[in-house]
Amino acid sequence: MMQRWIIHMDMDAFYASVEQRDKPELKGKPVVVGGLGNRGVVSTASYEARRFGVHSAMPMATARRLCPQAVFLPCDHETYARVSEQIMRILADFSPAVEPVSVDEAFLDVSGMEWLYSGPQEIAGKIKDRIRSELHLTASAGVAPNKFLAKMASDMKKPDGLVVVEPGKEAEFLRDLPVRKLWGVGEVTAKALEARGLLTIGQLAQSPDELLKTLFGNQAQKIRELSLGMDVRPVTPEHEAKSIGAEETFEQDLHCAQTMQAVLLQLAEKIGFRLRQGGLAGRTVTLKLRYGSFRTITRRCTLAAPTQTDEAIYRMAADLLAEQKDVETGVRLLGVTISQLEPARPVLCALFEDQEEKGRRLSGAMDRMRLKYGAGAVMHARLAQKSDKKERNET
Ligand code: TTP
Ligand code: MG
C-alpha cells in the first residue's frame with residue numbers, strides 16, 4: 001500500500017505576525033492583539049510578548065499587567081481573512097487535497113507526490129519558502145503519516161519549525177509527551193489521569209483496557225489508538241465535504257439546559273455560515289453529546305428538505321437535546337453536524353417565499369456582516385444574552 005503522507009501547516013502568532021509585517025515599527029516588539037475593552041480577551045500575542053507569559057484566551061487586563069510595554073491592537077479580521085485566502089491558494093499549488101481547519105492552519109494530503117520532490121519534507125520546506133517570500137510571514141509544518149501526528153509535529157518547534165514523524169516511529173514520537181497533549185484530553189481529564197499515575201501518552205498507551213474503559217467509556221478504543229499514533233481520518237477538501245460540523249468542549253461540565261441551548265445556537269451559526277459560504281444545504285442534523293462520565297451519544301434527525309439556515313439547524317439540534325433526559329448530571333461536550341449535503345438550489349420566485357427562504361435571507365445578511373466585521377459582529381439575540389456574561393474570545 002502507498003505510504004500516506006500528511007502535512008499540517010500552521011502560521012506563527014498569526015494575527016500578531018500580520019500586524020508586525022504591515023507595521024514595520026512593531027518588528028521585534030511585544031504585540032498583543034484582541035479585544036481592547038474592559039472585558040476583552042487576548043486573541044494572540046507575538047512571540048516577544050509570549051516571553052512575558054501572555055497567551056491566547058487570557059483576559060486583556062492580565063496581559064496589560066504582565067507586559068505593560070506591549071503594543072495593544074484590535075483585531076483586523078478583514079485583513080486576516082484576506083491573508084488566509086492567500087495562504088490557502090499557495091497550499092492549493094501543492095496538493096488537490098487541502099483541508100482548511102481555521103484561518104491559519106490546514107492539512108494537505110501529499111501521498112504519492114513525494115517523487116516530484118525528494119520527499120514530503122521537501123514539499124513542506126517549499127511551502128514554507130513560498131509563504132515567506134510571497135507573504136513575508138512564517139509558518140510551522142508537521143509532516144507525518146496521519147493528521148493527528150502532523151498536527152502534533154507542527155506544534156513541536158514553533159516558530160518557523162519543520163518536524164517529520166517517520167512511519168514506524170509513531171508511538172515513539174508520542175511516548176514521552178504529557179497526556180494533556182492528546183486530542184480530547186482537557187485540563188480536568190489530564191488531572192484525573194495524572195492522579196492515577198498516567199503522566200505520559202506512552203503510559204496511557206500501555207494501560208489496561210479496563211482502566212481506559214473506566215476513564216473514557218465508549219471512547220476508550222479511540223483514545224488507545226490515538227495514544228499509539230494511529231489515526232485513519234482522511235484529509236477532506238472543503239468542496240468535497242460530506243458533512244460540516246462544530247463542537248465545543250467545556251472547561252467545566254454544563255448542567256443548565258438553557259446554557260446548552262445557547263451553545264447549540266452558536267454551533268448552528270458556525271455550521272450555517274460554512275454551508276452558505278460553500279453554497280451547500282444539508283438534510284440530516286446530528287447531535288453529539290458527551291456526559292461528564294465520558295459516555296458519548298449521537299442522535300440524528302432528517303429533514304424533509306435540505307436547509308442552510310442557522311434557525312433550522314438549531315431547532316433540530318435543540319429538539320434532539322430536549323429528548324435526552326439526564327443532561328443535568330453534567331455535559332462536557334456538545335457537537336452538531338449536518339450531513340447529506342447537496343448544492344443549495346437558488347430560490348426561483350419570491351411569491352413562494354417560505355420559512356426556509358426567510359431564514360436564508362436573514363442568515364445571508366448576517367454572513368455579510370461577519371465577512372466585513374468579523375465572526376462576532378452579529379449573533380442571534382439569545383447568544384447576545386449569553387455573551388453579556390463573558391466576552392467572547394472570537395477567532
Ligand atoms: P493559533 O494558530 O492557535 O495561534 P497563533 O497562530 O497566534 O500562534 P501559534 O504560533 O502558536 O500558532 O490561532 C490562529 C489565530 O486565531 C490567532 O493568531 C488568533 C486567533 N485565535 C483567537 O482569536 N483566539 C484564540 O483563543 C486562539 C487560540 C486563536
Ligand atoms: Mg497559528
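The values are calculated or read from the model by the stated rules, or taken from the named source; none is laboratory data. All values reported here derive from a predicted model rather than from experimental measurement. As a convention, Cβ positions derive from the backbone with ideal geometry for all residues, glycine included, and neighbour counts pool all protein chains shown.
Pairs linking a residue in the stretch 35-51 that is under 19 Å from residue 161 (Cβ atoms) to a residue that is charged (D, E, K, R) and part of a loop (DSSP other than H, G, I, E, B), with Cβ atoms under 7 Å and 6 or more positions apart or on different chains, are 48/29. Yes or no: residue 275 within 14 Å of residue 335 (Cβ to Cβ) and either outside any loop (DSSP other than H, G, I, E, B) or of a type in the set (D, E, K, R) (or both)? In short, no. Scanning the stretch 1-38 for residues that are of a type in the set (D, E, K, R), surrounded by 14 or more Cβ atoms within 10 Å (Cβ to Cβ) and more than 8 Å from ligand 1 (Cβ to nearest atom) yields 4, 19, 21, 29.
Would you mind finding the one in 41, 32 that is at pLDDT 95 or above, farther than 30 Å from residue 230 by Cα, more than 15 Å from ligand 2 (Cβ to nearest atom) and under 22 Å from the mean Cα position of the chain (by Cα)?
Details: 41 fails: at pLDDT 95 or above.
Within the list 41, 32, the selection yields 32.
In this structure, residue 124 qualifies as assigned to a helix (DSSP H, G or I), within 16 Å of ligand 1 (Cβ to nearest atom), among the aliphatic types (A, V, I, L, M) and at pLDDT 95 or above.
Considered as a group, the residues in the stretch 59-71 that are under 11 Å from residue 35 (Cβ atoms) and surrounded by fewer than 19 Cβ atoms within 10 Å (Cβ to Cβ) include one that is farthest from the chain's Cα centre (by Cα), and that residue is 61. Number of residues in the stretch 86-110 that are away from ligand 1 (no atom under 15 Å from the Cβ) and aromatic (Phe, Trp, Tyr) equals 1. With respect to the conditions (1) among the polar types (S, T, N, Q); (2) in contact (Cβ under 8 Å) with a residue 24 or more places away in the chain; (3) more than 13 Å from ligand 1 (Cβ to nearest atom), residue 133 falls short on a single one, namely (2).
Please give the number of the condition residue 54 fails out of (1) in contact (Cβ under 8 Å) with a residue 60 or more places away in the chain; (2) within 16 Å of ligand 2 (Cβ to nearest atom). Condition not satisfied by residue 54: (1).
Taking the criterion of being closer than 24 Å to residue 97 by Cβ, surrounded by 17 or more Cβ atoms within 10 Å (Cβ to Cβ) and away from ligand 1 (no atom under 16 Å from the Cβ), the residues of the stretch 148-185 that qualify are 148, 149, 164, 165, 170, 173.
From 97, 81, which residue is within 16 Å of ligand 2 (Cβ to nearest atom), among the aliphatic types (A, V, I, L, M) and at negative phi? If you could, list the steps in order and put the result at the bottom.
Working: 97 fails: within 16 Å of ligand 2 (Cβ to nearest atom).
Step by step, each of 97, 81 is checked, and only 81 is within 16 Å of ligand 2 (Cβ to nearest atom), among the aliphatic types (A, V, I, L, M) and at negative phi.
Within the stretch 101-112, residues that are away from ligand 2 (no atom under 16 Å from the Cβ) reach partners that are in a strand (DSSP E or B) and among the hydrophobic types (A, V, I, L, M, F, W, C) with beta carbons closer than 7 Å, at six or more positions or on different chains, in the pairs 109/6; 110/7. Residues in the stretch 1-28 that are assigned to a helix (DSSP H, G or I) and away from ligand 2 (no atom under 16 Å from the Cβ): 22, 24, 25, 26. Hey, residue 183 hits all of (1) over 21 Å from the mean Cα position of the chain (by Cα); (2) among the hydrophobic types (A, V, I, L, M, F, W, C); (3) closer than 27 Å to residue 154 by Cβ but one; which does it fall short on? The number of the failed condition is (1). Residues that are over 22 Å from residue 89 (Cβ atoms) and either surrounded by fewer than 16 Cβ atoms within 10 Å (Cβ to Cβ) or of a type outside the set (S, T, N, Q) (or both) within the stretch 119-147 comprise 119, 144, 145, listed in sequence order. Candidates 84, 95: the one that is touching an Asp or Glu at 6+ places or on another chain (Cβ under 8 Å), part of a helix (DSSP H, G or I) and at pLDDT below 95 is 84.
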